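Just so you know, all these numbers are worked out from the coordinates, no wet-lab data involved. The structure presented is a predicted model; accordingly, all values stated were derived computationally and were not measured. When we count neighbours, we look across all protein chains shown, and the Cβ atoms used for this are built from the backbone with ideal geometry, even at glycine.
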Ligand code: PGA
C-alpha cells in the first residue's frame, strides 16, 4: 500500500517569534510546489499563533510538541489538546524521548495523552525508541514492544489513519550519529509487525512510521529509501529552512 511520507520539524525549545516566523515563511515557500509529502512544523507553544498565521492557506501543517491529558483544569503551566486544536494545530507529538527520559513520562501517561489528543481531534505522532544501554543489551525489540503496547493501550482501529509512529532511537537524537538505514529498517519493520498484532494487519500496512534522530540532508534519502521508513522527524536540521527543505525533497524523490 503506498503511504504518503510525513516530514516533521520539531523545533524543540528554539527560535524566537521573529526567527520562527521567518523559518515558517521560508518553509511555506519551499513547499509550495511540492506534492506527495505531508510537512509539519512544531514550534514552541508561545509561537504557535505566530506560526499559524504564516502557515494559513499553505500545505504546511502546524503541530504541538506535547500536551497534557485533560481539556482544561487547574494544571498550572500545562497546555491542553483542545487548546492546540483551537490555535490551528493538526498534530501533536507524544512520548518524545526528551520527555520520557528527561521528565520521567511513563507509557501510562503517554497513553493518556494519546487518547486525550485523539479525542480533541488532533492527529498524533507517537515516539518510541530505545536507549544505547538497551540496544547494547539486546533489548531494542522488548523496549519497542513495551512502548507500543503501553502507549497504544485501548487504541481503536478506526483511529488508525490519525496515528503516525516515530522511531527515534535515543542514542541518535541530537548526537549526529543516525541509525544506519539497515538499523532503521529493522526497527521499523518490527514496529509494523507489532502494530499489526496490536491493531490489525490492514492498519499496519497503512501506518506511517517516521524515523527520527540526526536526520540531515546527506542521510535523509538513504533512510527514507528503506521500505518501512515513511518520512522523518527532524530536530536540529529543521531549524534552518535550507536543510529542512532538502530533507522534505528527499522524501518525495
Ligand atoms: P535531531 O532530533 O534531529 O536533532 O536528532 C530529532 C528529535 O528529537 O525529534
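Estimated at 0.36 nm per residue, the fully extended path between residue 162 and residue 18 surpasses their Cα-Cα distance by 48.7 nm. The stretch between residue 139 and residue 49, if pulled fully straight at 0.36 nm per residue, gains 28.3 nm over its current Cα-Cα span. Placing a pseudo-label 7 Å from each Cα along the Cα-to-Cβ vector at residue 59 and residue 177 gives an inter-label distance of 3.7 nm. In this simple spin-label approximation, residue 242 and residue 3 carry label points 7 Å from Cα along the Cα→Cβ vector, and these lie 3.2 nm apart.
One way to sum up the overall shape of region 6-251 is the equivalent ellipsoid from its Cα gyration tensor, whose semi-axes run 25, 22, 17 Å, largest first. Comparing 150, 20, 73 in a Gaussian network model of the chain (Cα springs below 10 Å), the most mobile by mean-square fluctuation is 73. Measuring nothing but how far apart in sequence close Cα pairs (under 8 Å, 6+ apart) lie, relative to its length, the chain scores a relative contact order of 21 percent. Relative contact order for region 1-144: 19 percent, from Cα pairs under 8 Å spaced at least 6 residues apart, divided by residue count. One chain, two ends: residue 153 and residue 70. Fully extended at 0.36 nm per residue, the span grows by 28.1 nm beyond their Cα-Cα distance.
Each Cα pair under 8 Å and six or more residues apart adds its separation to the average, and for region 145-230 the resulting relative contact order is 39 percent. Counting neighbouring beta carbons within 10 Å and listing from fewest to most, the residues 97, 58 come out as 58, 97. Across all directions, the shadow cast by the convex hull of region 119-178 built on its C-alpha atoms averages 5.0 square nanometres.
Shown is the FRET efficiency for residue 189 and residue 29, computed with R0 = 30 Å from the Cβ-Cβ distance and rounded to the nearest 0.05: 0.25.
Extending 7 Å from the Cα toward the beta-carbon at both residue 197 and residue 106 defines two label points whose distance is 2.3 nm.
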